[in-house]
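To start, the structure itself, in structure tokens.
The values are calculated or read from the model by the stated rules, or taken from the named source; none is laboratory data. As the structure is a prediction and not an experimental result, all values here were calculated from the model. Backbone-built Cβ (ideal geometry, glycine too); neighbour counts: all protein chains shown.
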Amino acid sequence: MMLKERREHTVTPSNRSSPRVSPSPCLSVLAFPLSRIALAGFLILSTVSTGSLAQSRQQSRNGSHSSRLRETMSAETRDMIERAIEVVCTDRKMDPKGSIPIDDMQGRPSLPVHSLEAVAGAERAQRLLPIAKKLVNSALQQLASDYQFQKAKGYQLRTQGALARVRAVRRVKPDMDSRDNASVFLRAPHTITFGTIFLAGLPSDEGMISVLAHELVHIADGDQDSLRPLFRTIGDRASALTGLRIKEQRAEELTCDLIGAMAARSYVADFPSYELLPRRLARAVAHNCVVEDEGDDDHLSPRNTIRALLALNPTLMRELIFGSGEPSPVRPFRSSKIGT
């Protein structure tokens, strides 16, 4: 079976594909051999108070009595998510470092590699790459803990492989032809290729960290689909919360975006500034503030991506709305579990 050749960041509504030579091969890194019953048994976020996620239990029988947790969102939480999106997209217009929406990027002329904007973006990306690698490793381990993957057989060995692939990335390569995309070629897993328009469209550290982290997760997954069970579990949870269909490649892209948001939140905590918290957090997802909100079979639409991210991470949703005077070092994601 042939291996996947390239994965792109989800950046343009009309060109949102991740080219592959063939369908994905078998599972492997946090993709340890888990049965469907084991995956269905993961305990995930059960309750959130104000603007919280409501839960309901579904009983299933497979020869014995078992229960399965299925989450839903309250109308109040849905309203808060829309309010948080409004905060992100309104502030983007006023923020001197606000990201350019990806549908706007698409309509811009190509930028030469040596243009001032592309050079500045490439230097920012290269400077932030070592930080992004550390934050992605932390986020992957945090999600594995939150979703209880560390209890699965083969967890340590497969996780070590994923984290090693992230650590091995060394270079950001500007590319004029890639325009408003970022991508990784799995035959050259030490390099992240950035279109020059995309480099110029992410003028903040927070926005750049989120996209670097997205691409690093693809590299962590590798050509053996090592993280597929994690992608599937997060996709299933996001589907239950939002009512959207988030399977297969959509689940992978959403997980990459989730880790991107987590990495950006951790960066804000580790590198505080006088800027207000909501503005800095908004930069991680502001490139999704599009007018032409289109998706495809492999990607949610940009605005639905924000909705799914906030549904998965209600802490981020509340911080975007209520904020604080200055960043505080909170954990980027934490799920509540039944009985705790």
**Message:** When you scan region 94-101, do you find a residue that is at pLDDT 95 or above, in contact with a helix residue (DSSP H, G or I) (Cβ under 9 Å, 6 or more places away or on another chain), over 19 Å from Val211 (Cβ atoms) and not small (Gly, Ala, Ser), even just one?
**Reply:** yes
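Tell me, yes or no, whether region 257-273 has at least one residue that is touching a Gly at 6+ places or on another chain (Cβ under 6 Å) and not aromatic (Phe, Trp, Tyr). Let's see the steps before the verdict.
We begin by selecting, within region 257-273, every residue touching a Gly at 6+ places or on another chain (Cβ under 6 Å); these are none.
The answer is no; no qualifying residue exists.
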**Residues located in region 218-240, provided they are of a type in the set (A, V, I, L, M, F, W, C) and farther than 18 Å from Pro302 by Cβ** = Ile219, Ala220, Leu227, Leu230, Phe231, Ile234, Ala240
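Could you check, for region 134-148, whether at least one of its residues is out of contact with any helix residue (DSSP H, G or I) (no Cβ under 8 Å at 6 or more places or on another chain), in contact (Cβ under 8 Å) with a residue 40 or more places away in the chain and either outside any helix (DSSP H, G or I) or closer than 15 Å to His218 by Cα (or both)? Spell out the reasoning first.
As a first pass, look at region 134-148 and keep what is out of contact with any helix residue (DSSP H, G or I) (no Cβ under 8 Å at 6 or more places or on another chain): 134, 145-146, 148.
Filter again for in contact (Cβ under 8 Å) with a residue 40 or more places away in the chain, leaving 146, 148.
In the following step, the residues that additionally are either outside any helix (DSSP H, G or I) or closer than 15 Å to His218 by Cα (or both) were identified as 148.
Yes, the conditions are met somewhere in region 134-148.
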**Item:** Search result, residues across region 156-203 that are modelled with pLDDT under 95, β-branched (Val, Ile, Thr) and either surrounded by fewer than 22 Cβ atoms within 10 Å (Cβ to Cβ) or in contact with an Asp or Glu (Cβ under 7 Å, 6 or more places away or on another chain) (or both)
**Value:** Val184
**Prompt:** Is one or more of the residues making up region 226-245 of a type in the set (Val, Ile, Thr), at pLDDT below 95, more than 19 Å from Arg78 (Cβ to Cβ) and part of a helix (DSSP H, G or I)?
**Reply:** yes
